[in-house]
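Read the structure below first, then the notes.
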């Protein structure tokens, strides 16, 4: 597997719940895992998730993590993704939409 030049690593408060969200709801594939860590991919996008721990804690973390972060993920078809979010009653801040930037 070829690694992207930039791969976000997200600290999560609940590894199992986060892994389930990314794989079962969003459709990411598990490329590899180790304890409380996973490297995931989806149609060329790559992310890492790791349960928050003292090894990489650069400051105080406050739930919910990730405030102020926007991850834009390009997919071939957004409709199955939206259906999965709706079927799982996942609460969204803003509805997903197809948008092209130039």
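Bear in mind these aren't lab numbers, they're just calculated from the coordinates by the rules spelled out. Keep in mind the model is a prediction, meaning the values are calculated, not measured. Reconstructed Cβ throughout: ideal geometry from the backbone, glycine too, with neighbour counts over all protein chains shown.
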For this session: Quick one: order 12, 75 by neighbouring beta-carbon count within 10 Å, fewest to most.
Result: 75, 12
Exercise. Using a ≥ b ≥ c from the Cα gyration tensor of the range 26-79 (square roots of the eigenvalues), is it rounded, prolate or oblate, where a/c under 1.5 gives rounded and otherwise the larger of a/b and b/c decides, a/b for prolate?
Worked result: oblate
Exercise. In deg cm²/dmol, rounded to 500, what helix-only [θ] at 222 nm does the chain give when every DSSP H run of at least 4 residues adds -39500 (n - 2.57) and the total is split over its residues?
Worked result: -4000 deg cm²/dmol
Seminar exercise, completed: A convex hull over the alpha carbons of the range 59-102 yields, per residue, a volume in Å³ of 114
Problem set entry | Highest-first arrangement of 28-39, 59-70, 76-87, where packing means the average Cβ count within 10 Å | 28-39, 76-87, 59-70
Problem set entry | Label zone at residue 43 (point 7 Å along Cα-to-Cβ), backbone N below 13 Å, the range 5-35 | 26-29
Exercise. Please state the relative contact order of the chain as a whole percent: Cα pairs under 8 Å, 6+ residues apart?
Worked result: 27
Seminar exercise, completed: When all Cα-Cα pair distances of the chain are considered, the percent exceeding 25 Å is 21
